[in-house]
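Reading through the structure tokens given below for one structure.
The values are calculated or read from the model by the stated rules, or taken from the named source; none is laboratory data. Model, not experiment: these values are computed from the prediction. Note: ideal-geometry Cβ built from the backbone for every residue, glycine included; neighbour counts use all protein chains shown.
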């Protein structure tokens, strides 16, 4: 992988290529941890409210589940994933965009979810992204996200379902500090371990953040 490669562009191009394989491996039977936080988000956001999903992928299963309860805006780096989402789920507004360059008016959303998406964003953008997410939420709005549990300045797997993939993030304490510095009140922040699907004992380990913009 060239050092000149734009990580966001690489993530987008790779999901264009391998989005279907990723879905079949990871999302046809979501883990207990994924489902628990999805249900938490659905249960704690105002019914009928406006929600933003950062990293909506192909829309399955989460966007479809959110669309049953909320007015949904789904965003993804990958044009291919957005095309799939539009085919798979009717109702939401889908946007092909880099979440770090999005602009919404202050107080637009009742809830914002970012499951397994910020982990693909170069970590130097995380602090600014958290501040943006804070501003997009209404007072009392809920933010639920998956972040790294360990330090990663930026790493590539050259053969992830047959395409290159990029991840980045901070250790748990640094992520907690960035969330607090953005203005959030923490509801919970736990390192969760789940069985990776379709694997022989492989584990997924992530920091799950649940936070609110204060009233």
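Among the listed residues 155, 168, which satisfies the condition of being surrounded by fewer than 19 Cβ atoms within 10 Å (Cβ to Cβ) and at negative phi? I'd like the intermediate steps shown before the answer.
Numbers: 168 fails: surrounded by fewer than 19 Cβ atoms within 10 Å (Cβ to Cβ).
Going through 155, 168 in turn, just one is surrounded by fewer than 19 Cβ atoms within 10 Å (Cβ to Cβ) and at negative phi: 155.
Confirm whether residue 38 is in contact (Cβ under 8 Å) with a residue 40 or more places away in the chain, closer than 25 Å to residue 204 by Cα, over 14 Å from the mean Cα position of the chain (by Cα) and not in a strand (DSSP E or B).
On the way: in contact (Cβ under 8 Å) with a residue 40 or more places away in the chain: yes; closer than 25 Å to residue 204 by Cα: yes; over 14 Å from the mean Cα position of the chain (by Cα): no; not in a strand (DSSP E or B): yes.
So residue 38 does not fit the description; no.
Residues that are in contact (Cβ under 8 Å) with a residue 24 or more places away in the chain and over 17 Å from the mean Cα position of the chain (by Cα): find the strands (runs of 3 or more DSSP E) completely inside region 137-183 holding 3 or more of those.
137-147, 152-160
Kindly indicate whether any position in region 9-32 is in a helix (DSSP H, G or I) and closer than 15 Å to residue 145 by Cα.
Taking region 9-32 as the starting set, the residues that turn out to be in a helix (DSSP H, G or I) are 9-27, 32.
Checking the rest, the ones that are also closer than 15 Å to residue 145 by Cα come to none.
No - not one qualifying residue is present in region 9-32.
Does residue 63 fit the bill of being part of a helix (DSSP H, G or I) and crowded, with 24+ Cβ neighbours inside 10 Å?
On the way: part of a helix (DSSP H, G or I): yes; crowded, with 24+ Cβ neighbours inside 10 Å: yes.
Criteria met by residue 63.
Quick grid of which residues meet (1) surrounded by fewer than 22 Cβ atoms within 10 Å (Cβ to Cβ); (2) in contact with a helix residue (DSSP H, G or I) (Cβ under 7 Å, 6 or more places away or on another chain); (3) in contact (Cβ under 8 Å) with a residue 60 or more places away in the chain; (4) not in a helix (DSSP H, G or I):
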| site | (1), (2), (3), (4) |
| --- | --- |
| 85 | no, yes, no, no |
| 90 | yes, no, no, yes |
| 95 | yes, no, no, yes |
| 106 | yes, yes, no, yes |
| 116 | yes, no, yes, yes |
| 126 | no, yes, no, no |
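Taking residue 188, is it touching a strand residue (DSSP E or B) at 6+ places or on another chain (Cβ under 6 Å), closer than 20 Å to residue 39 by Cβ and at pLDDT 95 or above? Full working, then the answer.
Values: touching a strand residue (DSSP E or B) at 6+ places or on another chain (Cβ under 6 Å): yes; closer than 20 Å to residue 39 by Cβ: yes; at pLDDT 95 or above: yes.
For residue 188, the condition - touching a strand residue (DSSP E or B) at 6+ places or on another chain (Cβ under 6 Å), closer than 20 Å to residue 39 by Cβ and at pLDDT 95 or above - is met.
For region 71-80, state whether one or more residues are in a strand (DSSP E or B), within 15 Å of the chain's Cα centre (by Cα), touching a residue at least 24 places away in the same chain (Cβ under 8 Å) and over 23 Å from residue 128 (Cβ atoms).
No, region 71-80 contains no residue that is in a strand (DSSP E or B), within 15 Å of the chain's Cα centre (by Cα), touching a residue at least 24 places away in the same chain (Cβ under 8 Å) and over 23 Å from residue 128 (Cβ atoms).
Can you confirm whether residue 112 is under 19 Å from residue 37 (Cβ atoms) and surrounded by fewer than 24 Cβ atoms within 10 Å (Cβ to Cβ)?
So residue 112 does not fit the description; no.
Considering (1) part of a helix (DSSP H, G or I); (2) surrounded by 18 or more Cβ atoms within 10 Å (Cβ to Cβ); (3) in contact with a helix residue (DSSP H, G or I) (Cβ under 8 Å, 6 or more places away or on another chain), say which one residue 133 fails and leave the rest.
Here residue 133 meets the rest and fails (3).
Got a sec? Which of 117, 50, 132 is under 22 Å from residue 182 (Cβ atoms) and under 12 Å from the mean Cα position of the chain (by Cα)? Before you say what the answer is, go through the steps one by one.
Details: 50 fails: under 12 Å from the mean Cα position of the chain (by Cα); 132 fails: under 12 Å from the mean Cα position of the chain (by Cα).
Every option except 117 fails the conditions.
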